[in-house]
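So the structure is just underneath, and the comments pick up after that.
The values are calculated or read from the model by the stated rules, or taken from the named source; none is laboratory data. Everything numeric in this text was worked out from a predicted model, so none of it was measured. As a convention, Cβ positions derive from the backbone with ideal geometry for all residues, glycine included, and neighbour counts pool all protein chains shown. In case anyone asks, the SASA skips ligands and DNA or RNA and just uses the protein heavy atoms, side chains included. Shrake-Rupley method; radii C 1.70, N 1.55, O 1.52, S 1.80 Å.
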Amino acid sequence: MPTSTSDDAFAEVKSKVDLVKVVQEHVRLTKRNKDFWGLCPFHQEDSPSFKVNPQMQSWYCFGCERSGDVFTFVELIEKTDKRGALQLLAERAGVELRKLSPEQKERSDSRKRLLAMLKLAAQFYEYVLWSTPAGEPGRRLLATRQVNEENSRRFQLGYAPAGRGFAEYLRAKKRSLADAQDGGLLRRDGTDFFAERLVIPIRDERGQPLAFTARTVRADEQRKYINSPETPAYVKGRVIFGLDLARDEIARRGHAVLMEGQFDVITAHGAGIQNAVASSGTALTDDQVRLLKRFTDELLLVFDADRAGRQAAQKAVLLAASHQMRTRVATVAGAKDPDEFLRAAGADAGKQWEELVAKAPSGVEFGMEEAAAGLNLSNANHVELAARKLREWIAQFPVALQEDYRERAKRWMGVSGHLLAAEPDEKRGPGRPGAYKVGKNGLETSPAGKKMTVGRYLLQLLAVRPVAFDLVRTKITPDELDEEDRGIYERMLETYERAGVSGLEKELAGYPAEEQDLIRRAWAAPPPSVDDEVAVELAGRITLDHMRGRHSGIIRELSEAERGKDSERVARLEAEARELGHAIDEMERRG
Ligand SMILES: [Zn+2]
């Protein structure tokens, strides 16, 4: 039974926290009229159906139909109970809770002590590294890795000396050794877990240390790196290394550079690439992608150059795509990892990096190159094999992207279309996730019945990147679009021509509700590739579709004219059909 005291506590906490701010730490929200919308964190979705009402301080998901207030939100997202949610929010609001259950209180206190202990440890190690003779081996290691003091202080690197240094320090400060043991800092015998290692704090996106990775300074040590164990404060696979330092630059540049190792990231920041982060000690996880998606929709993957690194990059491309994130993949030629690449470049690192980034293909293209690597595409058998591999690669992407990717693969390989045609029976049975059928217009209809036509794709792209109108308007006229897309296209074009790139945002409220929905959905979950090249490609396909439609119309008219024995009309239509047929062939050949 809740006591009146705890009811008061709920009310007090609720009055002091803002649901929108709490939700925003987990979900990217877009304001629409008075409400905020985002992708529901409790079920998988492509378009936002999760709504937060700031006046009512309540939320509702139209997809999974979950709903509630700030407490239920925290309960679900932190996987805790009502009491736990109250506690987390009370901490945040600075409200003292008098009536916690003993276990709750114990859990909260021990987590707080653990975090304080980790902070203290990071400070101690950093002090040892820079301000004591014992830190010398750490300083030497950093010098060989060309990490200067300024950069290493940014990451709060430290050094754990041999022996019981940290335990003695804690004793002197009258702090509990048990807490340090729980945090994985001390062994049972009181010796330092990270002794004789350079210590790298793994911090959350707000800069709180949660764990450490430590690299040995001894040549004879077998285990180069060791890591903190998982604790109530640290769950491996939920943290992104460097995110606290990179988040502003990620927002500024619009993308995050995702690397594998901590030293890759440290060196990258030293070279001015301050939007670099790392998955840190694990293959990229769903939780990490979700965390990154709070900050950006685009990842530039720069993994190790070896086979394992390239495979990890392909997995990351697919994982990101499943969360509607775009990817590109840069390859560090002639170096084993980004750290080595940037150090070898020295003062030239910035320039060489820009060149590398400029060359980076999209994630799907990177996978295509990998699939065809080592095959000779002028050999018919190899072409078949490459086509099969490409098909398998593309089949792993979300269904809505596959048709477009197959088109790109065709062009990329120069193979005839049938080799890449979808084979729905190949790997999946009917009804299984990802099963689909090809609609009669050649575009896929997903099981949910949602259709992504070329026209829709183009509209979404233009919503996200209005400047692409400059190219698109020279390629197509509105009447080439399907009727259902024409109105919104004309409205967006008119807005762009009159009010420029920011016009859409300013004038959207005046659009019909359906069109607003489409545009906001595109903003919340942009299509996978948004650039001029794709825009031109889509425009080309629209023109081609339109020409094909006109062609069949003429053929229909022609048979009518023949039935009516109207020879003059027949001749005119025949000429028109022939001319159009040639133009279509020509476009397809170029396409
Ligand atoms: Zn939902």
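Quick rundown of the values:
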item	result
For segment 283-334, alpha-carbon Rg and Dmax in angstrom	10.9, 34
3J(HN,Hα) from dihedral phi, segment 306-311, Karplus parametrisation 6.51/-1.76/1.60, rounded to Hz, x for glycine, proline	6, 4, 4, x, 5, 5
Lys, Arg +1 and Asp, Glu -1 on Cβ, resulting dipole of segment 191-284 about Cα centre, debye, nearest 20	120 debye
All aspartates and glutamates inside 13 Å of K336 as judged from Cα atoms, apart from same-chain residues fewer than 8 positions distant	E260, D264, D304, D306
Degrees, to the nearest 10: 567-590 long Cα axis against longest axis of the chain	30 degrees
Dipole magnitude of the chain about its Cα centre (Cβ charges: Lys, Arg +1; Asp, Glu -1), debye to nearest 20	2020 debye
Cα long-axis angle, helix 363-372 against the chain (0 to 90 degrees, to the nearest 10)	80 degrees
Accessible carbon and sulfur surface of the chain relative to its total accessible area, %, 1.4 Å	48 percent
Size of segment 18-153 as Cα extents on the principal axes (Å, biggest first)	60, 40, 24
Taking the chain and dividing mean pair separation by its residue count, relative contact order in percent (alpha carbons under 8 Å, at least six apart)	8 percent
FRET efficiency, A583 to S559 (Cβ-Cβ, R0 30 Å, nearest 0.05)	0.90
Within straight-line cross-link reach of K16, aspartates and glutamates at Cα separation under 17 Å, skipping those fewer than 8 residues along the same chain	D7, D8, E25, D69, E91, E96
Rounded tilt (10° steps) of 380-394 against the dominant C-alpha axis of the chain	60 degrees
Length-normalised contact order for segment 324-366 - Cα pairs under 8 Å, 6+ apart - percent	58 percent
Rounded to 5, percent antiparallel among DSSP beta bridges of the chain	75 percent
Sequence-distant residues sharing a close amide H with L186 (under 5 Å, placed H)	Q181, F193
Using distinct alpha-carbon pairs, which all enter the 1/r mean, Kirkwood radius of the chain in Å	27.7 Å
Average accessible surface area per residue within the chain, 1.4 Å rolling probe, Å²	50 Å²
Heavy atoms of R28 accessible to a 1.4 Å probe, total area in Å² rounded to 10	100 Å²
R252-K112 FRET efficiency (beta carbon distance; Förster radius 35 Å; 0.05 resolution)	0.55
Heavy-atom accessible area order for S378, S362, largest first, 1.4 Å probe	S378, S362
Listed residues T296, I519, V464: farthest to the positive end of the dipole of the chain (Cβ charges)	T296
Positive-end residue, the chain charge dipole about Cα centroid, Cβ charges, pick of A278, F10, V23	F10
Expected-Rg normalisation [2.2 N^0.38 Å, Cα atoms] applied to segment 141-202	1.25
Cα-based Rg of segment 104-239 normalised by 2.2 N^0.38 Å, two decimals	1.01
Solvent exposure, largest accessible area first (probe 1.4 Å, DNA, RNA and ligands not counted), of Y125, Y169	Y169, Y125
